[in-house]
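*Asks:* What follows is a structure written as structure tokens; I'll ask about it next.
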Amino acid sequence: MKAFPVRTTAAAALLLALSACGGKASFDVAGVFVTSQGVSQPMANSGLVLQNGSDNLPVPVGATTFKFGNSISYGTAYDIKVLKQPDHMTCSVVNGSGSAGHTASISASVICTQNTYTIGGTVTGITGDYNVKLTNGSLGGQVLLTKDTPNFTFGTPVADGQAYGVSVLEITSVTVSPVKLGCSVANGTDVMGNAPRANIVVTCAPTP
């Protein structure tokens, strides 16, 4: 996974000043939510819980940054992990571990992406050299069916929560013109859930 540069500044002056006062440096364990390209991205779904050691942090919808409730002392190891994934998404942590004091601040990146699943189904009634092309109008994916493909799966997955709509784009034949085959689609329109779908039914039959 691509790592994002963490802003670093020298902490020597801070540590020397605290040492002179008899204190010990304290560091917040914090970070940001970004896309895979490093662009800020608010947390879209609920349920995410981050963890650093015994410190757990529930993350609200809309958050663009996070900070654990407990700060850590200079030299203490930190290891930010995903304790619980959010609803319908998968998150990972970048630059989430190290030792406090190597930089003036601790700033991890959390990348969350919507889960995606395939859609497909079965087809009956295609004969001869007919080709039936299906399309998922909402996403633009296509699949070509023949008499030798009783089952099909679209190559383009659908994100959890995304609406999809499968329909017949065209029916062609190299030997029959005009074509004398009609096809209908059942269960072709729905909103994607949290598992693959294989319940689309394409039924074809000769036409006059």
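*Asks:* Cβ-Cβ below 6 Å, separation at least six or inter-chain, first residue in segment 40-59 and closer than 17 Å to T76 by Cβ, second hydroxyl-bearing (S, T, Y): which pairs?
*Replies:* Pairs found: N52/Y78.
*Asks:* Give V176, V123 a once-over and let me know the one that is β-branched (V, I, T) and at pLDDT 95 or above.
*Replies:* V123
*Asks:* If a residue must be hydrophobic (A, V, I, L, M, F, W, C), modelled with pLDDT under 95 and either under 17 Å from S54 (Cα atoms) or touching a Ser or Thr at 6+ places or on another chain (Cβ under 6 Å) (or both), how many such residues does segment 82-107 contain? Full working, then the answer.
*Replies:* Here is the first cut: in segment 82-107, the ones hydrophobic (A, V, I, L, M, F, W, C) are 82-83, 89, 91, 93-94, 100, 104, 106.
Among the residues that remain, those that are also modelled with pLDDT under 95 are: 100, 104, 106.
Applying the additional criterion that residues be either under 17 Å from S54 (Cα atoms) or touching a Ser or Thr at 6+ places or on another chain (Cβ under 6 Å) (or both) yields 100, 104.
Number of matching residues: 2.
*Asks:* Moving on to the next point. Condition (residue is more than 18 Å from I119 (Cα to Cα) and touching a residue at least 60 places away in the same chain (Cβ under 8 Å)) applied to segment 194-204: is it met by at least one residue? I'd like the intermediate steps shown before the answer.
*Replies:* Restricting attention to segment 194-204, the residues satisfying the condition of being more than 18 Å from I119 (Cα to Cα) are 204.
With the extra rule that they be touching a residue at least 60 places away in the same chain (Cβ under 8 Å), the set shrinks to 204.
There is at least one residue in segment 194-204 that is more than 18 Å from I119 (Cα to Cα) and touching a residue at least 60 places away in the same chain (Cβ under 8 Å).
*Asks:* Something else about it: What's the total number of residues in segment 176-208 that are outside any strand (DSSP E or B), under 16 Å from G137 (Cα atoms) and of a type in the set (A, V, I, L, M, F, W, C)?
*Replies:* So in segment 176-208, the residues outside any strand (DSSP E or B) come out as 176-180, 187-188, 192-196, 207-208.
Right, trim to under 16 Å from G137 (Cα atoms) and you get 187-188, 192.
Still in the list and also of a type in the set (A, V, I, L, M, F, W, C): 192.
Looking only at that region, the number is 1.
*Asks:* When segment 68-94 is examined, which residues are found to be aromatic (F, W, Y) and outside any strand (DSSP E or B)? I'd like the intermediate steps shown before the answer.
*Replies:* Quick first cut of segment 68-94, residues aromatic (F, W, Y) only: 68, 74, 78.
Across segment 68-94, the qualifying residues are F68, Y74.
*Asks:* Then there's this: Testing T149 on (1) more than 13 Å from K133 (Cα to Cα); (2) not in a strand (DSSP E or B), one condition comes back false. Which one is that?
*Replies:* Of (1) more than 13 Å from K133 (Cα to Cα); (2) not in a strand (DSSP E or B), only one is false for T149: (1).
*Asks:* Given the condition outside any loop (DSSP other than H, G, I, E, B), assigned by TED's automatic domain parsing to the domain that holds S26 and of a type in the set (S, T, N, Q), answer yes or no: does some residue in segment 95-106 qualify? Before the answer, list the steps.
*Replies:* Here is the first cut: in segment 95-106, the residues outside any loop (DSSP other than H, G, I, E, B) are 97-99, 106.
Subset that is assigned by TED's automatic domain parsing to the domain that holds S26: 97-99, 106.
Next, from what is left, pick out any that are of a type in the set (S, T, N, Q): 97, 99.
Among the residues of segment 95-106, at least one is outside any loop (DSSP other than H, G, I, E, B), assigned by TED's automatic domain parsing to the domain that holds S26 and of a type in the set (S, T, N, Q), which makes the answer yes.
*Asks:* What's the total number of residues in segment 47-66 that are surrounded by 14 or more Cβ atoms within 10 Å (Cβ to Cβ) and within 15 Å of L83 (Cα to Cα)?
*Replies:* Residues in segment 47-66 being surrounded by 14 or more Cβ atoms within 10 Å (Cβ to Cβ) and within 15 Å of L83 (Cα to Cα): 11 in total.
*Asks:* Could you please let me know if D79 is of a type outside the set (S, T, Y) and modelled with pLDDT of 95 or more? Break it down into steps so the answer makes sense when it comes.
*Replies:* Working: of a type outside the set (S, T, Y): yes; modelled with pLDDT of 95 or more: yes.
Yes, satisfied.
*Asks:* Does segment 106-118 contain any residue that is in contact with a helix residue (DSSP H, G or I) (Cβ under 7 Å, 6 or more places away or on another chain), under 20 Å from G31 (Cα atoms) and of a type in the set (A, V, I, L, M, F, W, C)?
*Replies:* First, pick out the residues of segment 106-118 that are in contact with a helix residue (DSSP H, G or I) (Cβ under 7 Å, 6 or more places away or on another chain): none.
Looking through segment 106-118, none of the residues is in contact with a helix residue (DSSP H, G or I) (Cβ under 7 Å, 6 or more places away or on another chain), under 20 Å from G31 (Cα atoms) and of a type in the set (A, V, I, L, M, F, W, C).
*Asks:* For segment 110-136: of the residues being among the small types (G, A, S) and not in a strand (DSSP E or B), which is surrounded by the most Cβ atoms within 10 Å (Cβ to Cβ)?
*Replies:* Going through segment 110-136, the residues among the small types (G, A, S) turn out to be 120-121, 125, 128.
Of the ones still in play, those that are also not in a strand (DSSP E or B) are 125, 128.
Numbers: G125: 16, G128: 13.
If we take residues in segment 110-136 being among the small types (G, A, S) and not in a strand (DSSP E or B), then G125 is surrounded by the most Cβ atoms within 10 Å (Cβ to Cβ).
*Asks:* Within segment 24-35, is there a residue that is surrounded by fewer than 15 Cβ atoms within 10 Å (Cβ to Cβ) and modelled with pLDDT under 90?
*Replies:* So far as segment 24-35 goes, yes, one or more of its residues are surrounded by fewer than 15 Cβ atoms within 10 Å (Cβ to Cβ) and modelled with pLDDT under 90.
The values are calculated or read from the model by the stated rules, or taken from the named source; none is laboratory data. Please read all numbers here as calculations on a predicted model, not as lab measurements. Heads up, the Cβs are rebuilt from the backbone with ideal geometry, glycines too, and the neighbour counts pull from every protein chain shown.
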